[in-house]
Amino acid sequence: MTLSTPQPSKALLIIDMQNDFCPPTGALAVPGGRDITPFINELLAQDWTVRIATRDFHPKDHISFADQHPGSEALASSHTIKNPRNPQETQTTLLWPQHCVQGTTGCELIAELDTSKIDFVIDKGQDKLVESYSGFGPPFKDPPVSKTGLEDLLKEKGVKEIVVVGIAYDYCVKCTAVDAADAGFNTTVIEEGCKAVQQDQRSLDKLRQELQSHDVTVIRGKA
Ligand code: VGL
Ligand code: ZN
């Protein structure tokens, strides 16, 4: 009998590296979004138990699109979204221009990303009535609303540690990392592999603090 050395059960989670979040043509382009791809491809080449990418994957009439709310302006207006099964539970979020609509080029992972190394793609934001920044699913807890299957997948693979990179650092990366830590995974965000919508120092400092207060480790480059 050969005894195998236990492998570190680590997952790489790559958030929303999609055309619509990248210049020059993205509908909701995060400045510099494409530039983090070489770093992410280097991470992909390392040893992981599982490498997972997420995609924002909206229907054309998604509730987060400003054009669904007459009189509202993208990036300037917030909207209160109700838990479809419990109107008491609400969530206030920003409205966006149409982005990552299912079946469009904007929704596809960018061509520079080494998708040959990605084991699973998890889609989120399909429910037209619910906003979901987190790769784990919508924030509603009472009762919980359709999860994406990410948590089950990680548990099935025996994952204990998660490294999160991608865009947008201050939206989907943040929410996914916080949910990962809350679900009990040892979670790290690598900033060199992230781009935020708000890139000023103050916003980034606040973001780091928020992540750290949720037990997410934030590092600048590869450990
Ligand atoms: C995202 C805004 C709207 C993200 C998704 O991937 O961070 N941001 N939808
Ligand atoms: Zn979205």
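The values are calculated or read from the model by the stated rules, or taken from the named source; none is laboratory data. Please read all numbers here as calculations on a predicted model, not as lab measurements. Neighbour counts run over all protein chains shown; Cβ positions are idealised from the backbone, glycine included.
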Can you tell me which residue among T25, T90 is within 20 Å of T176 (Cα to Cα) and of a type in the set (V, I, T)?
-> T90
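Please go through region 65-76 and give me each residue that is on the phi < 0 side of the Ramachandran plot and either assigned to a loop (DSSP other than H, G, I, E, B) or within 13 Å of ligand 1 (Cβ to nearest atom) (or both), ordered by number. Steps first, answer last, please.
First, the residues of region 65-76 that are on the phi < 0 side of the Ramachandran plot: 65-70, 72-74, 76.
Listed by number, the residues that qualify are F65, A66, H69, P70, S72, E73, A74, A76.
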(1) within 30 Å of V159 (Cβ to Cβ); (2) of a type in the set (S, T, N, Q); (3) in a loop (DSSP other than H, G, I, E, B): which one isn't true of T54, the others all being true?
-> (3)
Is it fair to say G137 is at positive phi, more than 16 Å from ligand 2 (Cβ to nearest atom) and touching a Gly at 6+ places or on another chain (Cβ under 9 Å)?
-> no
Filter region 134-180 down to residues that are farther than 22 Å from F57 by Cβ and either of a type in the set (S, T, N, Q) or crowded, with 21+ Cβ neighbours inside 10 Å (or both) and give me whichever is nearest to the chain's Cα centre (by Cα).
-> V163
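This table checks each residue for (1) under 20 Å from K195 (Cα atoms); (2) acidic (D, E); (3) not in a loop (DSSP other than H, G, I, E, B).
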site: E131; (1), (2), (3): no, yes, no
site: G137; (1), (2), (3): no, no, no
site: K147; (1), (2), (3): no, no, no
site: L154; (1), (2), (3): no, no, yes
site: G158; (1), (2), (3): no, no, no
site: V165; (1), (2), (3): yes, no, yes
site: D170; (1), (2), (3): yes, yes, yes
site: V173; (1), (2), (3): yes, no, yes
site: A180; (1), (2), (3): yes, no, yes
Taking interchain pairs and intrachain pairs at least six residues apart, which have beta carbon atoms under 8 angstrom, with the first residue in region 92-111 and within 18 Å of Y171 (Cα to Cα) and among the aromatic types (F, W, Y) and the second part of a loop (DSSP other than H, G, I, E, B) and within 14 Å of ligand 1 (Cβ to nearest atom)?
-> W96/L28; W96/S64; W96/A74; W96/L75
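Only one residue in H79, H62 is in a strand (DSSP E or B) and surrounded by 15 or more Cβ atoms within 10 Å (Cβ to Cβ), so which one is that?
Numbers: H62 fails: in a strand (DSSP E or B).
That would be H79, the only listed residue that is in a strand (DSSP E or B) and surrounded by 15 or more Cβ atoms within 10 Å (Cβ to Cβ).
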Give the number of residues within region 109-129 that are in a loop (DSSP other than H, G, I, E, B) and within 12 Å of ligand 1 (Cβ to nearest atom).
-> 1
Residues within region 14-65 that are away from ligand 2 (no atom under 16 Å from the Cβ), farther than 22 Å from L150 by Cβ and in contact with a strand residue (DSSP E or B) (Cβ under 8 Å, 6 or more places away or on another chain), tallied | 4
Can you tell me which residue among K206, K160 is modelled with pLDDT of 95 or more, more than 16 Å from ligand 1 (Cβ to nearest atom), touching a strand residue (DSSP E or B) at 6+ places or on another chain (Cβ under 7 Å) and over 18 Å from I36 (Cβ atoms)?
-> K160
State whether one or more residues within region 137-156 are touching a helix residue (DSSP H, G or I) at 6+ places or on another chain (Cβ under 8 Å) and within 19 Å of T90 (Cα to Cα).
-> yes
What's the number of the condition S116 fails, among (1) touching a residue at least 60 places away in the same chain (Cβ under 8 Å); (2) surrounded by fewer than 14 Cβ atoms within 10 Å (Cβ to Cβ); (3) under 24 Å from E156 (Cα atoms)?
-> (1)
